[in-house]
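The values are calculated or read from the model by the stated rules, or taken from the named source; none is laboratory data. Note that this is a predicted model, so its numbers are computed, not measured. With ideal geometry, Cβ positions are generated from the backbone for all residues, glycine too; neighbour counts draw on all protein chains shown.
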Amino acid sequence: MIEKYTCGFNLYYPQARRDFAFSLIKGMPGVGAIEYKVIRDFVRGITDFGEINPNYTGLREMPRNMVLHMSAPSGKSLGIMVLEPGKDRLVRIDITLLREDCRGKGLGKHLYACVEKALADGTVLYVEHVTFYGSKFFKKCGFNRDVDLIKILSSSNRIDVDPGECSRILKACV
């Protein structure tokens with residue numbers, strides 16, 4: 001029954017980010033588009049933002065950026081990662097937010113790995129204004145301390161996750 005617990009991924013993107021979104025989706029087999037309403041409803045349902053200030057401007061600016069959405073097979077939202085593409089293969093990760101009961105179980109790593117798989121070698125990923133636990137998370141994903149956190153993708157430093165592991169984690173969340 002592992003298939004029953006496989007994570008689903010969808011991407012919200014504003015029209016201004018359409019070209020980058022299409023290149024990202026090409027690298028994410030099975031990922032389709034999603035309406036912003038789903039993202040908005042997920043965020044509104046969060047009562048504990050962890051270390052993220054609920055008044056953080058990035059939460060209000062999400063409709064201008066790309067948002068990768070992770071869901072359970074039932075369609076229930078599990079988490080999001082907000083991405084802001086820059087010039088020349090530069091991508092800022094703004095927010096990573098998981099449902100309260102899914103935190104600390106490894107789903108954030110799967111969410112991040114989905115993004116990483118879609119990007120070409122040489123892409124620079126960075127995080128600004130990282131929280132304490134966010135810093136620990138991204139360092140586990142191979143980011144290095146620079147200005148805040150940075151990672152330049154190569155074939156030798158990508159996250160390798162077992163899809164079955166996501167299924168096992170989901171059993172504990174759903």
If you take just the strands (runs of 3 or more DSSP E) that sit entirely in the range 48-130, which of them hold at least 2 residues that are of a type in the set (A, V, I, L, M), free of Cβ contacts under 8 Å to residues at least 60 places away in the same chain and within 20 Å of ALA172 (Cα to Cα)?
90-98
Please determine, by comparing only the residues of the range 152-173 that are in contact with a helix residue (DSSP H, G or I) (Cβ under 7 Å, 6 or more places away or on another chain), within 25 Å of ARG99 (Cβ to Cβ) and not small (Gly, Ala, Ser), which one is surrounded by the fewest Cβ atoms within 10 Å (Cβ to Cβ).
LYS171
Is the range 48-62 home to any residue that is among the basic types (Lys, Arg), surrounded by 12 or more Cβ atoms within 10 Å (Cβ to Cβ), out of contact with any Cys (no Cβ under 6 Å at 6 or more places or on another chain) and under 19 Å from GLU84 (Cβ atoms)?
no
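Take the residues in the range 119-151 that are small (Gly, Ala, Ser) and surrounded by 14 or more Cβ atoms within 10 Å (Cβ to Cβ); name whichever of them is nearest to ILE52 (Cα to Cα). Quick ask: steps written out before the conclusion?
To start, the set of residues in the range 119-151 that are small (Gly, Ala, Ser) comprises 120, 122, 134-135, 142.
Next cut, surrounded by 14 or more Cβ atoms within 10 Å (Cβ to Cβ) only: 134-135, 142.
On the way: GLY134: 10, SER135: 13, GLY142: 22 Å.
Looking at residues that are small (Gly, Ala, Ser) and surrounded by 14 or more Cβ atoms within 10 Å (Cβ to Cβ), I get GLY134.
Quick one: which residue in VAL38, VAL31 is among the β-branched types (Val, Ile, Thr), at pLDDT 90 or above and under 26 Å from LEU119 (Cα atoms)? Before the answer, list the steps.
Working: VAL31 fails: at pLDDT 90 or above.
Within the list VAL38, VAL31, the selection yields VAL38.
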